[in-house]
1. Say we join alpha carbon atoms closer than 10 Å with springs in a Gaussian network model of chain A; which of A:95, A:224, A:86 then has the biggest fluctuation?
2. Rounded to the nearest Å, what's the spacing between the alpha carbon centres of the stretch B:39-75 and the stretch A:134-176? Just the number, please.
3. Among A:181, A:44, A:128, whose Cα sits farthest toward the positive end of the charge dipole of the protein assembly as shown (+1 at Cβ of Lys/Arg, -1 at Cβ of Asp/Glu, about the Cα centre)?
4. For the pairs A:58/B:27; A:47/A:115; A:223/A:288; A:45/A:115, flag any whose C-alpha to C-alpha distance is greater than 28 Å.
5. Using the alpha-carbon centroid of each, what span in Å lies between the stretch A:204-255 and the stretch A:318-356?
6. Around residue A:264, with a cut-off of 15 angstrom between Cβ atoms, what is the net charge of the other residues, counting Lys and Arg +1 and Asp and Glu -1?
7. Which value in Å is the Kirkwood Rh of the protein assembly as shown over different Cα pairs?
8. Can you give the three extents of the C-alpha atoms in the stretch A:191-257 along their principal axes, from longest to shortest, in whole Å?
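Rule-based calculations on the coordinates, nothing more; no lab input. As the structure is a prediction and not an experimental result, all values here were calculated from the model. A quick note on method: Cβ atoms are made from the backbone with ideal geometry, for glycine too, and the neighbour counts reach across all protein chains shown.
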Amino acid sequence: MKRIVITGIGVLSPIGTGKEEYWSSLKLGKSGVSQLEGFDTDELKVKIGAQVKNFNPKDYMDSREIPRIDPVTQYAIAGSVMAVEDAKIDWDDVDRDRVGTLISTGIGGLQTIEKNILQMKEKGARRVSPYFIPMMIGNMPSAQVSIRYSLRGPSSNVVTACATSNYAIGEAAEIIRRGDADMMLAGGAEASLIPIGIAGFANMRALSTRNDDPEHASRPFDKDRDGFVMGEGSAVLVLEDYDKAVQRGADIYCEISSVGYSTDAHHITAPDPEGWGAKQCMKVAMKKAGIELDQVDYINAHGTSTPLNDRVESNSIAELFGEHLPNIDINSTKSMVGHLLGAAGATEAAAVALQIKNDTVHPSTNFFEGEEGFKLRLVSETKKRKISCALSNSFGFGGHNCCLSFRRVD
Amino acid sequence: MTDNEIFDQMKEIIADKLGVDADKVSKESRFMEDLGADSLGLVDVTMELEDKFDVTIPDEDLPSITTVQAAIDYVKEKVA
């Protein structure tokens, strides 16, 4: 069976742009959460979020294209430019008919949707932009990146809410494994941190309202957690067939050894309280990768900081790993970057790859005390550890569960 | 309004909507061949012209507006 490896990382995150800045912030336990800027929050119950700082689209694309590209696609392009550069791809040596894109978004071009609906209300249907549809449809991040680099293999968008980019990376790996491409740009992008998006999630009571203490608002697994913190940005990985990567002399971060899927089939937003789906996707991922319970060194938890997710996830991990739990380091990248929704799994996969490559586990911040019976060993400070096998969980509204497994490549 | 008055106001819109430098836009410019407009870009420009000059440009008139001069003539006739 083909082995799939990560050879490039591009990150545009609330705690840093590019893998170096992202990695140094992760090790420092830096928070990307602050008071929201750029729009009026008076009407909003939630006034905090994890915004991308100092993003200048001109650094990544022609200034003339910018008005016709929704921010979600701008973020995807930025992540891709960084990932391609990091992977040191010489396009003259790559068969681009065998390269594809699967850069997914959970929501699509929400800013474009909001703007055009307001425009229609104000000025009528004749004033809806001819670019409205091509700017907002959720496949446009993949499409625009394909156009940019003339990549003519498979390209699409997988939408599974907060599990979106875990699914995208898992599917991209499978596309290579089954022979439909040799290389994929895979990941996620999200740019819905605007009033309509915030109001929607806030009214579900999904968001933290710790407005006066933003840095401590995203507190996965802490007993005083009160919801997630919305984030935005993108992360794109270059995935390659191991043999082809070695052939071109690429630096390898790690292997994506498997993807495990399951569905709760329980409720549109609440997780199955028994955690069957959460456990199942981890079990499937381990089985497909041929990993036993005692081989897992590290888990990147979904860890959203919502009361329900964190309870079900921590119970599920504890039940599944039982006596092996004390050997497993666990963290939630969301404790620092917030919840990037459709880009969450990808920013976390980037974090996993960097941790494996650097023999270092980043902290899970803002955890002060667990609920009664809490058994997970969260990493409180950056620590050295050689990670041979890692898992990364993502669970999405709709009951979509996806676990990626990663393996060290020596 | 004279041709030049219309052109001066139109130039900025065309440059902005088609993502070209304003000094590249002349009365003789052809939207598609010279200014790189695609069909969406052309609709985008005409929508903005409708607002700017307070005219209505029905879809069936679009094929005739192939150059900047044709757009000037169109606006002049409608405004008059």
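1. Result: A:95 has the largest fluctuation of those listed.
2. What the calculation gives is 36 Å, centre to centre.
3. A:181
4. Flagged as over cut-off: A:58/B:27; A:223/A:288.
5. 8 Å
6. Numbers: positive: A:279, A:283, A:311; negative: A:272, A:274, A:313.
After counting each charged neighbour, the total is 0.
7. One over the average 1/r among Cα pairs gives 23.6 Å for the protein assembly as shown.
8. 52, 29, 19
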